[in-house]
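What follows is a set of notes on a single structure, which appears directly below.
What follows is calculated from the coordinates using simple rules that are stated; it is not laboratory data. Quantities reported herein were computed from a predicted structural model and do not represent experimental measurements. When we count neighbours, we look across all protein chains shown, and the Cβ atoms used for this are built from the backbone with ideal geometry, even at glycine.
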Amino acid sequence: MKTSSELSLTLAFDLEGFFNERQALIDGELDRLLPGESVEPVSVHKAIRWSVFAGGKRFRPILMLTTGEAFGASPGVLLATACALEMIHTYSLIHDDLPSMDDDELRRGRPTCHIRFDEATAILAGDALQTLAFQTIAEESLLSAEKRVLLVSELGHAAGTPGGMVAGQARDLEAESRAVTSRELEGIHRLKTAALIIAAARCGAIIAEATDPELEAVGRYAAQLGLLFQITDDLLDITATVETLGKTPGKDARAQKATYPSLYGIETARQRADLVHQEACAVLKQIDRPTKRLRAIADFILRRKA
Ligand code: GRG
């Protein structure tokens, strides 16, 4: 019989292989979907590819594939929507790094889009990625017309406003100049970070034709995962190096931004992460499907180093 540390090692290795395989699938499909660098206007297409193929974790599309597969769908029918999620995510990073927002020079270990190209090109690259995401879903012939509409609606709500990422970003910017309560902070992160993560899990389950109670449970699991992702992001901003992070650490503290560690202290933020991880795992126990990999994703987020 394996000890618990041997078990978690097996799980970690299994997950690493699974992650690598799914990353390769996603990257191949993104390469097929995105306009080539020699297609006019070349500056925008070069900028898109610069940011998309900069070595992101592909966490959202992998979560989407893993959820869809847990509910019985094959990777093939999930792949286009998974890529659409990564396009929306990359657009949000490009725009978040702009001087008018977070003003960052480093992302995914290389100069940000507006530094490598220019501001106008970076804005257009983000805009184009966002529209291409919706176009990709609308044109996916492997999915029924009804499913495409459901997915477009899900992603629109999650990425936009008032209930999605744009609303979270706006509230985050507005809160920079004043004190924030822990309840407010959690509300911002529910929109800015968790909304797209919830949509990733739900889109996988929608394609796999999960029941309404299953969809609801998957949404609750992903909401905890989104919160966990943000708490670990805040902790890494303090504890990680520029090499492992691929972006400038310590920015939150310098901007005097409200974060989990700044509101609660590092130790309490770590305890909060443990608790949120347990809550995510508890939701999975209510789902009568093979959720081992979804559990492993929660473990991975809790322990991530980048
Ligand atoms: C511009 C509408 C708009 C929204 C921006 C992405 C975002 C919203 C803000 C970035 C600020 C931030 C650090 C958010 C925390 C969560 C997050 C999105 C982290 C980056 O995602 P990762 O770690 O990045 O998945 P990779 O590069 O691995 O894809």
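Here are a few things to note about the model shown:
- Inter-site label distance for Asn20 and Val77 at 7 Å from Cα along Cβ, in nm: 3.0
- Two-site FRET efficiency, Thr131 against Thr211, from Cβ-Cβ distance with R₀ of 35 Å, rounded to 0.05: 0.60
- Hydrodynamic radius (Kirkwood) for the stretch 172-306, which is based on Cα pairs only, to one decimal in Å: 15.7
- Ranked for footprinting exposure by Cβ neighbours inside 10 Å, fewest first, Val52, Val166, Val283 give Val166, Val283, Val52.
- Volume per residue of the C-alpha convex hull in the stretch 108-217, rounded to whole Å³: 152
- Exposure proxy for Thr193, Thr241: other Cβ atoms within 10 Å of each Cβ, ordered fewest to most, give Thr241, Thr193.
- Farthest towards the positive end of the charge dipole of the chain, among the residues Ala54, His277, Ala208, is the Cα of His277, using unit charges on the Cβ of Lys, Arg, Asp and Glu.
- Potential extension, Ser182-Thr248 segment - 0.36 nm per residue separation minus Cα distance: 21.3 nm
- Value in Å of the Kirkwood radius, where the stretch 4-303 supplies the Cα pairs that are averaged: 19.6
- Calculated mean residue ellipticity, 222 nm, the chain: -23000 deg cm²/dmol, from DSSP H runs (n ≥ 4) at -39500 (n - 2.57) each, averaged per residue and rounded to 500.
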